Amino acid sequence: MQKEFGLSSEQNTTVLTFLESAPIAVVVVDSLGSIVLINGKTEELFGYKRDELMGQSLEKLLPARFAALHHLRRDGYFDKPRARTMGNGMDLAALRKDGTEFPVEVGLSYVEVDGKPLTMSFITDISMRVEAVEALRSHAQELESRVIVRTQEIERRRRVAEGLRDVLAVLNTARPLEEILDLIVEQASQLLQTDAIAIYRQEEGEDTQRVQATRFLDDPESGSPAPVGTLSPAIHHTHDSTKPFRADGDAGMTQSGRYRSVLAVPLNVQGEVYGNICLYYRVARSFTSEEKEMAVVFADQAALAIENARLREEVGRSAAAAERTRLARELHDAVTQTLFSTSLIAEVLPRIWQRDPEEGMNRARELRELTRGALAEMRTLLLELRPTALLEAKLGDLLHQLADAVTGRARIPVSVTVDGEGTLPADAQIALYRIAQESLNNVAKHSGASQASVKLYQTAERLILEIEDDGRGFDPENIPSNHLGLNIMRERAESIGARIEIVTGKGKYTRINTIWERSGRSENVHG
């Protein structure tokens, strides 16, 4: 090196001292690849003594997979030493004397000493850096995994919330119980990823239950579902990895399908066990607390749907009983009163006829009107007992019957005019009939009229129902709170998209027009 760099012996010794004290390993190799110089850090890093490496190939310090790469890189420096920059370093693996590998960064430099080309390898142990990078990569992967898991959890919770919302949306509707339970088992199957699911109902007086709603069950009609007695008011879950459940095994909680795990929750309705909901899986598995909680939620929803259905049945029975009571009362009040008046007139009619034949004729006509009114009243009450009859008859015929009933009951002549014909939807026919019924009841009770008329006009586009009386009228803006007839009529009109127009005033006649457009729905207005 003295000749190449013009160094004195003292300077050369100084350079060697610097290399010896360098904090990284330095290995000098000749053009044949033999080691000619190492420093103390090299001994420390690789575990060799100096004399064990001198004259050896540098590849001795490298695993075989990296030795060839380093050889090519070194030869490149010898081939074109002036055209190449100092090596920026390569990440390789080094080999200690004991055979263990560790990561290093190797940089190469070209020098000439006494005319001989040499390469200097600067070797740095980068174990800590690699570990830090690996730790960062592992942490990044863990964070990415957490993000994926969290995203999946958010999506799952979103599906759960939407599923529960869909079920809650129909719980308080008038949909049939079977339809609601089918929706519950469908949502539970999707959200809890079951292979099959069923809601069982305890048959009164029997030990077994019957399928009421199911999804994907192998054989829902085979019988032998879970007896209620096998389930306490808590969740029952079991699994068996060695054999499948059968219809006659493990408390009978499966049917003829082959399921290795089942999660069953009793359905408690008003303090009684109604049945249970069973979730089936074809593989043996355990259940998380969250899965059990979700199963309980679906069981509670099913129990609520069953309880609501029972309440609706009770309300229906109560309403039917109340309606029968009302009809009996009206039958007594209206028909009995009319028949009583008829009997009085019939008793005195012979004497009146003898005294005044013209008056007798008037009384006979009155007797006929009373009889027709009583007959119409009876027919009306019979219609109320059989609501489908309201849909079987024409609206014009129903209006005639209402008019005859009012005429007989209130002694107010009511004429009926029907112009045009057409088929009406069921809801429109019922609503228009009820509006006419309520209007004529108001005429009989409140108008003080001497006569009234009912007119029905029908075209292909619209229907107009007009009811008019020559009574005392009223102030539409000052109706007593206990008079609900007009509000009821407006509500019925709104239900079919019709509008009601009221023309009246204190001391004036009253006309009520109900206008229903066949092709669309109208806003409810009144004047």
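For Ile199, are the conditions met, namely being farther than 30 Å from Glu307 by Cα and of a type in the set (A, V, I, L, M, F, W, C)? Step through it out loud before you land on a result.
Details: farther than 30 Å from Glu307 by Cα: no; of a type in the set (A, V, I, L, M, F, W, C): yes.
Answer is no for this residue.
State yes or no: is Asp397 without any contact (Cβ under 8 Å) to a residue 24 or more places away in the chain, closer than 22 Å to Ile496 by Cβ and among the charged types (D, E, K, R)?
Working: without any contact (Cβ under 8 Å) to a residue 24 or more places away in the chain: yes; closer than 22 Å to Ile496 by Cβ: yes; among the charged types (D, E, K, R): yes.
Judged against the criteria, Asp397 is a match.
Please verify whether the range 419-436 includes one or more residues that are among the hydroxyl-bearing types (Ser, Thr, Tyr), buried (at least 21 other Cβ atoms within 10 Å of the Cβ), in contact with a helix residue (DSSP H, G or I) (Cβ under 7 Å, 6 or more places away or on another chain) and within 19 Å of Ile500 (Cβ to Cβ). Don't jump to the end; show me each part of the working.
Restricting attention to the range 419-436, the residues satisfying the condition of being among the hydroxyl-bearing types (Ser, Thr, Tyr) are 423, 433.
Remaining after also requiring buried (at least 21 other Cβ atoms within 10 Å of the Cβ): 433.
Next, from what is left, pick out any that are in contact with a helix residue (DSSP H, G or I) (Cβ under 7 Å, 6 or more places away or on another chain): 433.
With the extra rule that they be within 19 Å of Ile500 (Cβ to Cβ), the set shrinks to 433.
There is at least one residue in the range 419-436 that is among the hydroxyl-bearing types (Ser, Thr, Tyr), buried (at least 21 other Cβ atoms within 10 Å of the Cβ), in contact with a helix residue (DSSP H, G or I) (Cβ under 7 Å, 6 or more places away or on another chain) and within 19 Å of Ile500 (Cβ to Cβ).
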**OP:** Could you tell me whether the range 125-132 includes any residue that is in a strand (DSSP E or B) and in contact (Cβ under 8 Å) with a residue 12 or more places away in the chain?
**Re:** yes
Original post:
Can you tell me which residues in the range 119-129 are surrounded by fewer than 16 Cβ atoms within 10 Å (Cβ to Cβ) and aliphatic (A, V, I, L, M)?
Top reply: Met128
Original post:
How many residues does the range 384-406 hold that are modelled with pLDDT of 85 or more and not in a helix (DSSP H, G or I)?
Top reply: 1
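Sort out which residues of the range 191-200 are out of contact with any Asp or Glu (no Cβ under 8 Å at 6 or more places or on another chain) and at pLDDT 85 or above, and write them in order of number. So that I can check it myself, show each step before the final result.
Within the range 191-200, the subset out of contact with any Asp or Glu (no Cβ under 8 Å at 6 or more places or on another chain) is 191, 193-195, 197-200.
Passing the criteria: Gln193, Thr194, Asp195, Ile197, Ala198, Ile199, Tyr200.
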**OP:** Please go through the range 438-488 and pick out each residue that is touching a Ser or Thr at 6+ places or on another chain (Cβ under 9 Å), at pLDDT 90 or above and among the β-branched types (Val, Ile, Thr).
**Re:** Val454, Ile464, Ile467
Subject >> Hits in the range 17-26 (condition: surrounded by 13 or more Cβ atoms within 10 Å (Cβ to Cβ) and at pLDDT below 85) >> reply: Leu19
Original post:
Does Glu203 fit the bill of being at pLDDT below 80 and among the acidic types (Asp, Glu)?
Top reply: yes
Subject >> Complete set of residues in the range 448-472 that are farther than 16 Å from Ile412 by Cβ, charged (D, E, K, R) and not in a strand (DSSP E or B) >> reply: Glu461
Original post:
Picking from Arg326, Arg372, Arg409, which residue would you name as being surrounded by 14 or more Cβ atoms within 10 Å (Cβ to Cβ), within 30 Å of Glu491 (Cβ to Cβ) and at pLDDT below 80?
Top reply: Arg409
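For every residue, the table says whether it meets (1) within 60 Å of the chain's Cα centre (by Cα); (2) outside the structural domain of Leu58 (by TED's automatic domain parsing); (3) among the polar types (S, T, N, Q).
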position: Glu112; (1), (2), (3): no, no, no
position: Lys116; (1), (2), (3): no, no, no
position: Val130; (1), (2), (3): yes, yes, no
position: Gln141; (1), (2), (3): yes, yes, yes
position: Arg146; (1), (2), (3): yes, yes, no
Original post:
So which of Val185, Val106, Val133 is farther than 30 Å from Arg201 by Cβ, surrounded by 12 or more Cβ atoms within 10 Å (Cβ to Cβ) and at pLDDT 85 or above?
Top reply: Val133
**OP:** Give me the pairs, please: first residue somewhere in the range 264-293 and outside the structural domain of Val211 (by TED's automatic domain parsing) and part of a strand (DSSP E or B), second residue anywhere and of a type in the set (A, V, I, L, M) and crowded, with 24+ Cβ neighbours inside 10 Å, beta-carbon distance under 6 Å, and either six or more positions apart or on two chains.
**Re:** none
Subject >> Residues of the range 441-457 that turn out to be touching a strand residue (DSSP E or B) at 6+ places or on another chain (Cβ under 7 Å) and either crowded, with 19+ Cβ neighbours inside 10 Å or within 12 Å of Met489 (Cα to Cα) (or both), as a count >> reply: 6
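The values are calculated or read from the model by the stated rules, or taken from the named source; none is laboratory data. Quick caveat: nothing in here was measured; it's all calculated off a predicted structure. Don't worry about glycine lacking a Cβ; one is built from the backbone with ideal geometry, like all the others, and counts go over all protein chains shown.
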